[in-house]
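Chemist: Just dropping this structure here.
The values are calculated or read from the model by the stated rules, or taken from the named source; none is laboratory data. In this text the structure is predicted, and so the values were computed from the model without any measurement. In case anyone asks, the SASA skips ligands and DNA or RNA and just uses the protein heavy atoms, side chains included. Shrake-Rupley method; radii C 1.70, N 1.55, O 1.52, S 1.80 Å.
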Amino acid sequence: SQQGEEDPQALSIQEGENATMNCSYKTSINNLQWYRQNSGRGLVHLILIRSNEREKHSGRLRVTLDTSKKSSSLLITASRAADTASYFCATVGLRDRDDKIIFGKGTRLHILP
Amino acid sequence: DVKVTQSSRYLVKRTGEKVFLECVQDMDHENMFWYRQDPGLGLRLIYFSYDVKMKEKGDIPEGYSVSREKKERFSLILESASTNQTSMYLCASSLFAELYNEQFFGPGTRLTVL
């Protein structure tokens with residue numbers, strides 16, 4: 001399975017600190033995506049990084065991808081209370097439409113005031 | 001902005017009832033998906049559709065069926081609801097050429113089967 005697995009399962013940090021979440025997967029991928037889910041709501045797409053990319057930025061988000069280690073990290077800088085949510089990585093395999101997207105189980109991030 | 005709406009936020013049904021979950025998207029997306037989300041299991045794909053009247057099984061289609069009569073609407077049907085189908089159901093859509101890239105999710109329907 002190419003399932004992404006997030007680490008840690010839960011993370012609590014003080015507001016203003018940086019938060020780092022990791023995702024590991026098992027087989028080669030076409031791309032890896034990060035989504036955010038606020039409690040009881042749907043998922044919101046944050047960022048997509050392709051297998052030939054190493055790093056992407058979007059506002060306070062920085063995503064890295066290391067295909068040799070089959071891992072990715074999501075860094076949220078200068079965290080805010082509104083960043084409290086669950087974060088999921090999702091991997092898409094190489095066979096394009098024949099490969100399904102697979103979501104990990106998520107990291108629950110809690111920003112302390 | 002893409003908007004994906006789901007017919008109910010919360011739903012309570014009895015075992016054996018037929019249940020319809022409706023999803024509508026307003027951005028002319030070709031692809032639509034149904035997932036269920038359970039604690040400790042993450043999101044699992046039930047069915048998806050890449051065109052009107054087309055459907056493909058996901059990872060856990062047993063006990064479910066779907067209907068896509070119009071491009072903007074994708075329905076999930078539980079023919080005879082069972083307690084193990086109590087879950088959060090999430091609908092999503094995406095552009096045809098971006099099947100699994102940037103999916104847009106609805107707010108979810110929390111279904112309880114008694």
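Chemist: Which value results for Rg/Rh of segment A:5-112 when Rg is the Cα radius of gyration and Rh the Kirkwood radius based on the inverse mean 1/r?
Modeler: Details: Rg = 13.4 Å, Rh = 13.9 Å.
Over the Cα atoms of segment A:5-112, Rg/Rh equals 0.96.
Chemist: Okay, moving on. What residue among B:V12, B:V66, B:V24 has the largest mean-square fluctuation in a Gaussian network model of chain B, using Cα springs under 10 Å?
Modeler: Among B:V12, B:V66, B:V24, the largest mean-square fluctuation in the Gaussian network model of chain B belongs to B:V12.
Chemist: How large, in percent, is the carbon and sulfur part of the accessible surface of segment A:5-112 at a probe radius of 1.4 Å?
Modeler: Numbers: 2240 of 5260 Å².
Using a 1.4 Å probe with all protein chains present, segment A:5-112 comes out at 43 percent carbon and sulfur.
Chemist: Run the 1.4 Å probe and let me know the accessible area of A:D83, rounded to the nearest 10 Å².
Modeler: 20
Chemist: Right, next: Once you've got the GNM for chain B with C-alpha springs shorter than 10 Å, pick whichever of B:Y50, B:Y89, B:Y100 has the biggest mean-square fluctuation.
Modeler: Top of the fluctuation ranking is B:Y100.
Chemist: Right, here's the next one. Report the rotationally averaged projected area of segment B:1-65 based on its alpha-carbon convex hull, in square nanometres. Provide the component values of the computation, followed by the final result.
Modeler: On the way: hull surface 22.5 nm².
Spelled out: convex hull of the Cα atoms, projected over all directions, averaged, 5.6 nm².
Chemist: Starting from the Cα coordinates of the protein assembly as shown, work out the convex hull volume and express it per residue in Å³. Mind dumping the intermediate values first?
Modeler: On the way: hull volume 26.8 nm³, N = 227.
Taking the convex hull of the Cα positions in the protein assembly as shown, it is 118 Å³ per residue.
Chemist: Could you state the accessible area per residue of the protein assembly as shown in Å², with a 1.4 Å probe and every protein chain left in place?
Modeler: Working: 10990 Å² over 227 residues.
Dividing the accessible area of the protein assembly as shown by its residue count gives 48 Å².
Chemist: Still on this structure, I have one more. Evaluate Rg over Rh across chain B, taking Cα atoms for both radii and Kirkwood's formula for Rh.
Modeler: Values: Rg = 13.1 Å, Rh = 13.9 Å.
Rg/Rh: 0.94.
Chemist: Post the alpha-carbon centroid distance, segment B:23-96 to segment A:55-71, in whole angstrom.
Modeler: The distance from the Cα centre of segment B:23-96 to that of segment A:55-71 comes to 29 Å.
Chemist: Turning to a different aspect of this structure: Considering only A:R80, A:R41, A:R54, give the residue with the highest GNM mean-square fluctuation for chain A, with springs between Cα atoms whenever their separation is below 10 Å.
Modeler: A:R41
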